[in-house]
Amino acid sequence: MLGVVAGFFTGVTLGIIAGFVPGIHSNTLAGLLAACSVPLIVVFGIDGISVMIVSMMVVYTFADILPSTFLGVPDPDTVLSVLPAHNLCLMGNGEEAVRVSALGSLWGFVFCLPLFALFMIFLPSVQEYVDWGVGLVILLAAGLLIVFSKAPSWSFAVFLVSGLLGIYAMRFSYFSFGVFGIGEILLPLLTGLFGIPVLLTSMRALSKPAEQTFSGLMISQGSIIGNGIKGAFAGAIVGWLPGFSSGTANALLAVRRSSEKMDPREYLVSTSAANTANAVLGLAALYALGRMRSGAMVTLASFDLPSVYLLVLAAGAAALAGYLVTVSSSKLSRVIMHLDQKIIARAVLLFLVGMTVIFCGPFGVLILILSTLVGLVPGMADIPRIFCMGAIMLPVMLFTLGILNF
């Protein structure tokens, strides 16, 4: 029991670190935990390590909003939250953006619990009948995004080029070899498409961000709950269908945002709920189907799986801890935004390049350069950066349709 408790608090700490530090993902730390599994088993036991991985994964889905909000730097799960959250911060509402996201994640966990039970009961009998339709769902989502954009030709071009770049990066991801072995190719790919263009804009900005204030949430409780439910269902889709990620769920949510001019706060609630629900429902997919939807689940599956009830309980405690830590950290906006944003942008830019070199090597640097060039196009063409999600959506679509193999 002591090992389980120690594992929980260690996992919460690791989740906070992964969420707060740009460029570090919970999957990266999960891989490091797998590499250190022998001494960790001695210290924490199998159940303790499992609880550590789950609590780290859940807390990360709360804390990862901070770099997106204050620095405009995404990870694979928050790429489409960057502009709404960062823009709210630039208008002086950074603390509100973080609090709204934390509420979305908390409700996403609550609403995914009944879906978790349904997954455990029904997934084994219906999974084989839906695998074939994943590519068609992505094709529909991408088509809607492009058709409803204000510049369909530019939108299609960015989607296609970023998709080809994503195919290239994933096809040759084994060249992404850094200090710790094979690196996560999504780090340079998505950092270049979404993060570095935002940092370069910050470095060129002539005006300072507005003074950070917080006088309450400018979104109703009913809207939070309603969008939390939508986000939880989107997270359920990507937790169920093979090849999807939280980024893809957020792209599906962005179809509605693009077509209905969805309020940025509502969008933050939906995407945050989707991220947390997807992480938790990945557990259901692992236990019900034996399918691993993330690096954290791959690491967890390498051990003897403990009781699912223990891990759900750990996930609930981690969700509460993640919410409290994230809300407390929201006040950092008043400190960070008083600093010289150009200096911060340069420091973060150097840090991300360094992370790419360390984790992904020369091939990662190449992908970072190419993706940055593509990521600059939406700003010049005045189209939403969402179409850079072609880097994820196009490879997954072609793979699930049987056209492409990695």
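The values are calculated or read from the model by the stated rules, or taken from the named source; none is laboratory data. As the structure is a computational prediction, the values presented were derived from the model and not from experiment. Counting neighbours? That spans all protein chains shown, and the Cβs are built from the backbone with ideal geometry, glycine included. Heads up: the accessible areas ignore ligands, DNA and RNA and are worked out on the full protein's heavy atoms, side chains in. Shrake-Rupley method; radii C 1.70, N 1.55, O 1.52, S 1.80 Å.
Descriptive notes on the structure:
- Odd one out for His338, checked against (1) within 26 Å of Gly195 (Cα to Cα); (2) modelled with pLDDT under 85; (3) buried (at least 17 other Cβ atoms within 10 Å of the Cβ): (3)
- Answer residue from region 386-406, given it is open to solvent by 20 Å² or more (accessible area, probe 1.4 Å) and not aliphatic (A, V, I, L, M) and is modelled with the highest pLDDT among those: Phe399
- Evaluation of Leu366 against the conditions (1) touching a helix residue (DSSP H, G or I) at 6+ places or on another chain (Cβ under 6 Å); (2) more than 20 Å from Val21 (Cβ to Cβ) shows that the sole unmet condition is (1).
- Remark: pairs (first residue in region 271-295, of a type in the set (Gly, Ala, Ser); second residue modelled with pLDDT of 85 or more and open to solvent by 30 Å² or more (accessible area, probe 1.4 Å); Cβ separation under 6 Å; 6+ apart in sequence or on different chains) = Ala273/Trp107; Ala284/Met120; Ala288/Met120.
- Among residues of region 218-238 being open to solvent by 60 Å² or more (accessible area, probe 1.4 Å) and of a type in the set (A, V, I, L, M), the one that is modelled with the lowest pLDDT is Ile237.
- Leading residue by the ranking (surrounded by the most Cβ atoms within 10 Å (Cβ to Cβ)) among those in region 258-269 that are modelled with pLDDT under 85 and touching a Leu at 6+ places or on another chain (Cβ under 9 Å): Tyr267
Yes/no matrix, rows are residues, columns are (1) at pLDDT 80 or above; (2) within 30 Å of Leu283 (Cα to Cα); (3) open to solvent by 70 Å² or more (accessible area, probe 1.4 Å); (4) polar (S, T, N, Q):
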| position | (1), (2), (3), (4) |
| --- | --- |
| Ala117 | yes, yes, no, no |
| Ile121 | yes, yes, yes, no |
| Val147 | yes, no, yes, no |
| Pro152 | yes, no, no, no |
| Ser155 | yes, no, no, yes |
| Val161 | yes, no, yes, no |
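- Residues of region 377-396 include at least one that is free of Cβ contacts under 8 Å to residues at least 40 places away in the same chain, more than 9 Å from Pro188 (Cα to Cα) and not β-branched (Val, Ile, Thr).
Residue by residue, here is whether (1) at pLDDT 80 or above; (2) in a helix (DSSP H, G or I); (3) surrounded by 24 or more Cβ atoms within 10 Å (Cβ to Cβ) holds:
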residue: Ile17; (1), (2), (3): yes, yes, no
residue: Ser50; (1), (2), (3): yes, yes, yes
residue: Thr69; (1), (2), (3): no, yes, yes
residue: Gly108; (1), (2), (3): yes, yes, yes
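- Region 19-42 - residue that is in a helix (DSSP H, G or I), under 26 Å from Ile196 (Cβ atoms) and open to solvent by 20 Å² or more (accessible area, probe 1.4 Å) and, of those, modelled with the highest pLDDT: Phe20
- Among the candidates Leu252, Leu206, Leu189, residue that is aliphatic (A, V, I, L, M) and modelled with pLDDT of 65 or more: Leu189
- Residue in region 282-289 that is more than 25 Å from Ile229 (Cβ to Cβ), assigned to a helix (DSSP H, G or I) and over 19 Å from the mean Cα position of the chain (by Cα) present: no
- Qualifying residue in region 175-183 (condition: out of contact with any helix residue (DSSP H, G or I) (no Cβ under 7 Å at 6 or more places or on another chain) and either assigned to a helix (DSSP H, G or I) or at pLDDT 85 or above (or both)): no
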